[in-house]
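In what follows, a single structure is set out as structure tokens and then discussed.
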Amino acid sequence: MDWARDLPDWPKSALSRRIATRPHRWHVQESGTGDTLLLLHGAGASTHSWRDLLPILAGRFHVVALDLPGQGFTRAGTLRRCGLDAMAEDIAALCTANSWAPRALIGHSAGAAIALRLSEIQVNAGRSPSRVIGLNPALGHFEGTAGWLFPALAKLLALNPLTASLFSFGRPRPSRARRLIESTGSRLDQEGLDLYARLIADRDHVDATLQMMAQWQIDPLLGRLDRIRAQCMFITGAQDKAVPPRVADQAAARIPDCRVRTVPGVGHLAHEESPQEIADLVVDWLD
């Protein structure tokens, strides 16, 4: 997406700034004072996903939201660092460069896996880990045929330079965004659909998302869940069709200190559908 053209009407753009920390030029939104909360969106989203939750949390905390490499308005220095470990390492370097010591890492979907990996990096560096809040955390494998077909397909698509153009061909289409969002069990207002439509129509964003999918290796992290030292809370949407709530239940059962809370009536994008309820759960747990 073009920073100069698109950012002025992007949600919470007044909070946006660029930070160059190798190898990327990050897009970050920052608000509030107090203990730091770091917000990590899922694959294919951006800081817009936090547009209603961020200001609520900023009433109590210093909140930092970022776009993952190549997605949204973050310019990737290389698309070879879009996997789980590489992104977590680069985000850790960004935090160090800006003296951010998050009290909690809040990750949605794949962002929850990044948050857990960040907590491991903190422990390996001799620091106490941040708390981890996973919103509909993607901490499992695709089931059935998708278990072997989807990863292979993602790698194949990412190798084809024409793929992103095919996915993002033409003007933003809210109808296509609506079908995609509703397939996850969520329902968004027109603004939310329009924002996702703009992302889906952006070739660079789609390319980076495909690269993230192709490079995603979660097995090593899943194998270490019983050694996670961070205090964790997983929040699931009861209607989530993208990552069924049982995935969070199964992962939480293996993590030494992890609780699960379920929000009825919402799907995979629970924090966009019911930001106040999610904020209340987060604040209550941190308090």
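The values are calculated or read from the model by the stated rules, or taken from the named source; none is laboratory data. Fair warning: this is a prediction, and the values are worked out from it, not measured in the lab. Note that we place each Cβ from the backbone using ideal geometry, even for glycine, and neighbour counts take in every protein chain shown. Accessible surface is based on the protein model in full, side chains and every heavy atom, while ligands, DNA and RNA are left aside. Shrake-Rupley method; radii C 1.70, N 1.55, O 1.52, S 1.80 Å.
At-a-glance table
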read-out: All positions within the stretch 35-92 that are out of contact with any His (no Cβ under 9 Å at 6 or more places or on another chain), in a strand (DSSP E or B) and without any contact (Cβ under 8 Å) to a residue 60 or more places away in the chain; value: H62, V63, V64
read-out: Scope the stretch 8-34; condition among the acidic types (D, E) and outside any strand (DSSP E or B); matching residues; value: D9
read-out: Residue in the stretch 271-279 that is among the hydrophobic types (A, V, I, L, M, F, W, C), in a helix (DSSP H, G or I), at pLDDT 95 or above and surrounded by 14 or more Cβ atoms within 10 Å (Cβ to Cβ) present; value: yes
read-out: Number of positions in the stretch 103-121 that are closer than 17 Å to T36 by Cα and hydroxyl-bearing (S, T, Y); value: 1
read-out: Residue count, the stretch 8-20 (criterion: closer than 11 Å to R75 by Cα and either at pLDDT below 95 or open to solvent by less than 20 Å² (accessible area, probe 1.4 Å) (or both)); value: 1
read-out: Residue in the stretch 111-128 that is at pLDDT below 70 and surrounded by fewer than 21 Cβ atoms within 10 Å (Cβ to Cβ) present; value: no
read-out: When residues of the stretch 21-46 are limited to those that are more than 15 Å from F61 (Cβ to Cβ) and among the hydroxyl-bearing types (S, T, Y), the one most open to solvent (accessible area, probe 1.4 Å); value: T21
read-out: Residues of the stretch 94-139 that turn out to be closer than 19 Å to D249 by Cβ and part of a loop (DSSP other than H, G, I, E, B), as a count; value: 5
read-out: Residue in the stretch 130-141 that is open to solvent by 50 Å² or more (accessible area, probe 1.4 Å) and modelled with pLDDT under 95 present; value: yes
read-out: Search result, residues across the stretch 5-22 that are free of Cβ contacts under 8 Å to residues at least 24 places away in the same chain and polar (S, T, N, Q); value: S13
read-out: Yes/no for R103 being modelled with pLDDT of 95 or more and either closer than 28 Å to A177 by Cα or surrounded by 15 or more Cβ atoms within 10 Å (Cβ to Cβ) (or both); value: no
read-out: Given (1) in contact with a Phe, Trp or Tyr (Cβ under 7 Å, 6 or more places away or on another chain); (2) without any contact (Cβ under 8 Å) to a residue 24 or more places away in the chain, number of the condition P244 does not satisfy; value: (1)
